[in-house]
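The values are calculated or read from the model by the stated rules, or taken from the named source; none is laboratory data. The structure displayed is predicted, hence computed values, not measured ones. Cβ: placed from backbone, ideal geometry, glycine included. Neighbour counts: every protein chain shown.
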Amino acid sequence: MLSTQQCDELTKLGCYNSQDVVRDLCNICTSLANKLIIQATAVSHLYKEANIRIGQDIETYVASRINAVLDDVRNEKQKNIPSKVRAELVRTAMVKGGYEKIVEGKNDEKLLSFARPGLTAEVNTLADQMLPLNARVVNYLNKAIKPLICDQTYDAIVSHPEINQRHLQQERYMAVLDILNIARQQAEDWLEGAENKILAGQPILPT
């Protein structure tokens, strides 16, 4: 659940039942995951539509989250990551995570311009409808807490055997959190290496 620091921060923002709020958010995501899994695996009129939706999420979710992590690294370090390098960081992290089929054939621009996944949008919509929170609390949840819950929701959906077989067709792929850790470490390593090259008077990109 929440750390003491997160609880304190939410209390400062006017949310005095933060554990209950996060529990409700987890329940919303669990219900959504179960609904999508049932629709995508049961014989019904929703089968095709649900699998199209899940396929779109698989195409966009991980890359979108990696780009968000690279934004965080850039902001934390207050250093720019060139677009060419950024695209390669996305590509490498996804390949290491088992998503090579998703990045295959995509140019740099495609790797940097993924739209917000439907899963994230639907979680946000449901949370707004079911959790009466002030704007400051919502902003904090969106930044610090909701992404991790969405990651776990995505993992639960794509790890279902039938969905995995239909869309990923492989046994070895990483959880979103592990892929994001790879992306973060690669970005930090690149920035450190770039700084060293600048100090040595060397170009940071191949010429």
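For (1) under 30 Å from R166 (Cβ atoms); (2) of a type outside the set (S, T, N, Q), each residue gets a yes or a no:
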{"residue": "T4", "(1), (2)": "no, no"}
{"residue": "Y16", "(1), (2)": "no, yes"}
{"residue": "N27", "(1), (2)": "yes, no"}
{"residue": "N34", "(1), (2)": "yes, no"}
{"residue": "I37", "(1), (2)": "yes, yes"}
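Kindly evaluate E109 against the criterion of being touching a helix residue (DSSP H, G or I) at 6+ places or on another chain (Cβ under 9 Å) and within 17 Å of L25 (Cβ to Cβ). Give the steps one after another, and end with the answer.
Numbers: touching a helix residue (DSSP H, G or I) at 6+ places or on another chain (Cβ under 9 Å): yes; within 17 Å of L25 (Cβ to Cβ): no.
Taking the combined requirement at face value, the residue does not satisfy it.
Of the helices (runs of 4 or more DSSP H) lying entirely inside the range 117-181, those containing at least 3 residues that are loosely packed, with under 15 Cβ neighbours inside 10 Å are 118-130, 135-140. For the range 95-116, the set of residues classified as among the acidic types (D, E) and not in a helix (DSSP H, G or I) consists of E104 only.
From the list I66, I81, I58, pick out the single residue that is β-branched (V, I, T) and more than 17 Å from the chain's Cα centre (by Cα).
Numbers: I66 fails: more than 17 Å from the chain's Cα centre (by Cα); I58 fails: more than 17 Å from the chain's Cα centre (by Cα).
I81 is the lone residue from the list that is β-branched (V, I, T) and more than 17 Å from the chain's Cα centre (by Cα).
So that you can scan it fast, the table gives a plain yes or no per residue for (1) at pLDDT 95 or above; (2) assigned to a helix (DSSP H, G or I):
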site	(1), (2)
S31	yes, yes
N34	yes, yes
K48	no, yes
D57	no, yes
T60	no, yes
S64	no, yes
V69	yes, yes
K79	no, no
A93	yes, yes
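Consider D71 carefully, then state whether it is charged (D, E, K, R), surrounded by fewer than 18 Cβ atoms within 10 Å (Cβ to Cβ), closer than 19 Å to L180 by Cα and out of contact with any helix residue (DSSP H, G or I) (no Cβ under 7 Å at 6 or more places or on another chain). Spelling it out, D71 is indeed charged (D, E, K, R), surrounded by fewer than 18 Cβ atoms within 10 Å (Cβ to Cβ), closer than 19 Å to L180 by Cα and out of contact with any helix residue (DSSP H, G or I) (no Cβ under 7 Å at 6 or more places or on another chain).
Residue by residue, here is whether (1) surrounded by 14 or more Cβ atoms within 10 Å (Cβ to Cβ); (2) in contact (Cβ under 8 Å) with a residue 24 or more places away in the chain; (3) touching a helix residue (DSSP H, G or I) at 6+ places or on another chain (Cβ under 6 Å) holds:
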site	(1), (2), (3)
G14	no, yes, no
N17	no, no, no
D20	no, no, no
H45	no, no, no
K48	no, no, no
I54	yes, yes, yes
